[in-house]
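One structure is given below, encoded as structure tokens.
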Amino acid sequence: MRSARIPLAAGAATAAALLLVPLAPGAAQAAPGGGPAPTAEHTEISRWPGGYQAQITITNPGTEPLEDWSLEFALPEGAEVHQMWNAELEESGGGYTAAPPHWGAAVPPGGTSTFGYNGRYDGDGATDPVACTLNGAPCDGGDDGDGDGDGGGEDPEYRQVGYFTQWGAEDKGFHPRTLEDTGQADKLTHVIYAFANIDGDGCFASDEEGEGEAFWDYGRPYPAEESVDGTADADGQPLRGTFNQLRELKEANPGLKVSIALGGWSWSTDFSDAALPENREEAVASCVDMFLRGNLPERNGAGGEGAAAGLFDGIDLDWEWPATPGEPGNVVRPEDKENFTALVQEFRGQMDALGEETGQEYLLTSFMPANTGAIDAGYEVPALMEDLDFINVQGYDLTGAWNPATGHQANVRVAEGDPAGAPRSYETVVQEWVDRGADPEDIVMGMPFYGRGWQGVEPGPDGDGLWQAADGAAPGPRDPGYNDFNVLKEMAASEGFTVHRDDHAGTAWIYDGDQWWNYDDATAIAQKASWAREYGLSGAMAWSLDGDTAQGELTAALHGELNGRE
């Protein structure tokens, strides 16, 4: 690994029996009269089978009373508020908003105010809020630890990487502004925009169906209500679309790195051509010019020389997969393995040369498979790790509806009773990369913000549908057998579905007697992040950010375990 790595924590944190939780760090908000921001602290004070009692204490360090406050929070899967006292409560979309009671409850200067609630829980009994804001700012006040509240302290210990899908804006209304509204933005260290297309001539922009989405990338004028800074794009603005919104997101979150991902499952068709000896120098030069120099092709009245200069901090290579068939129609050559190494070296050389001009160190990363056969066929691991800053290892799709029976698609450890002949898990996949020459602290582990599902599943001997034969993929809004977490969470709360969990495997599933969905809720994501930290990895990656809830609870759970610990 060529560049400085994020330092790793020594040892693993332990969980306290009495849960006292300072919640969700982020950008500070001043207290009334100036000074540090007000904070809110959640404490579980008693517990009984199926229920618990908690209190929330608001502290006002300012010099004036805090009167009209609003506390928004979300609880983990299986926990809910039953009755609250000394505050007004509203529930919406699975989250809660607490406000002063109708008789008023101003928090005095330098003082506190406490209210409480009785709650219910099931599953593993987790009750800590997974997201919390007080008057729109993080509940812990958002200080970075250096006392000035400006976010300018030391870098996070662990990388928190999220893929932002190109199609999320059009299909789901998920924009860079959404990352601010959900609270995800200030919990991420890297955002990777997926995807840009590449062929034998290099990177290119297109609006042809199946080839590109240049209009959504940098041509679509954003209205004020969807814009990160609240300002509509102006006529004739050379950079519009999601690219301009990512630039605004970076301005609102100093330190956030944004990379462009090349290829992906659908656009790896011609990656092999780009890597050929006679093509790779010019192909790489086109990508560096287009995305790092920002010279976007003129389309839809946008783009031009330097239009995106300074937007992207790096390039993420998502060739799925060298020397191995991925999507039908991909060009595959036996020499892909050696050519990929040479392609990475070419990217590294040209990006370093640009860095000497600009004074910036550009990130070069790669998305890597979890399949042993694909690893051995396509990657010269020690040589690659010399030039890559870190790798994002696929930590999902270990199984899916392409298998005849249900199973875990993203388990941390091999589950007891797994009938697979060679069962896989985070532990086995990472060990395969380490055995081939990767350093654990160069690995960022992928985590799914979606689930895989089957239908026609019988209960089986344990009544939970695990390891049971299925009739095929369960219906999904985009692809059969695929559903975002935010959809599955609503399904889990609906009548008929039961939540099941395997804490050893670090995963969960829901089952209604017919449909069976394996997925990760906030508890499972925290278990995965804890394992990544304890194993010595450099962080975690989410595919994809638009699968999270409106409260950003999965991102908050990931952050809380990696960089949000005391």
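Values quoted throughout were computed directly from the atomic coordinates according to the rules given, and no laboratory measurement underlies them. These numbers come from a predicted model, not from an experiment. Glycine also receives a Cβ, built like all others from the backbone with ideal geometry; neighbour counts cover every protein chain displayed.
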Rounded to the nearest Å, what's the spacing between the alpha carbon centres of region 114-137 and region 449-464? Just the number, please. 29
Of the listed peptides 479-488, 462-471, what is their order by residue-averaged count of other C-beta atoms within 10 Å, with the highest listed first? 479-488, 462-471
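From the helices alone, meaning DSSP H stretches of at least four residues, give me the mean residue ellipticity at 222 nm for the chain, per-run term -39500 (n - 2.57), in deg cm²/dmol to the nearest 500.
Calculated at 222 nm, the ellipticity per residue is -6000 deg cm²/dmol.
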Please identify which residues in region 478-503 have an amide N closer than 20 Å to a label point set 7 Å out from the Cα of residue 171, following the Cα→Cβ vector. 478-491
Using the Cα centre as the reference, give the magnitude of the dipole from point charges on the C-beta atoms of region 20-138 (Lys, Arg: +1; Asp, Glu: -1; all else neutral), rounded to the nearest 20 debye. 240
Give the residue from 408, 545, 271 lying farthest towards the positive end of the charge dipole for the chain; charges sit on Cβ (+1 for Lys and Arg, -1 for Asp and Glu) and the dipole is referred to the Cα centre. 408
With a 10 Å Cβ neighbour count serving as the proxy for reagent exposure, in which order, fewest first, do 122, 273 appear? 122, 273
For the chain, compute the number of Lys pairs whose alpha carbons are separated by less than 25 Å, excluding pairs fewer than 8 positions apart on the same chain. 10
Can you compute the modelled spin-label distance between residue 85 and residue 436, with each label point 7 Å from Cα toward Cβ, in nm? 6.0
Most exposed first, judged by fewest Cβ atoms within 10 angstrom, 517, 267, 402 run 402, 267, 517
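Please find the FRET efficiency linking residue 376 to residue 469, where r is the Cβ-Cβ separation and R0 is fixed at 35 Å, and quote it to the nearest 0.05.
For R0 = 35 Å, the calculated efficiency reads 0.70.
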Least to most buried among 299, 424 (fewest other Cβ within 10 Å first): 299, 424
Testing the spin-label approximation: label points 7 Å from Cα along Cα→Cβ at residue 70 and residue 235. State their distance in nm. 3.6
So for region 20-138, taking the charge dipole from beta-carbon charges (+1 Lys/Arg, -1 Asp/Glu), which of 134, 63, 119 sits furthest toward the positive end? 63
Tell me, what ³J(HN,Hα) does each residue in region 391-402 have, in order and in whole Hz, if you take phi through Karplus 6.51 cos²θ - 1.76 cosθ + 1.60 with θ = phi - 60° and put x for Gly and Pro? 10, 9, 8, 4, x, 8, 6, 5, 8, x, 5, 6
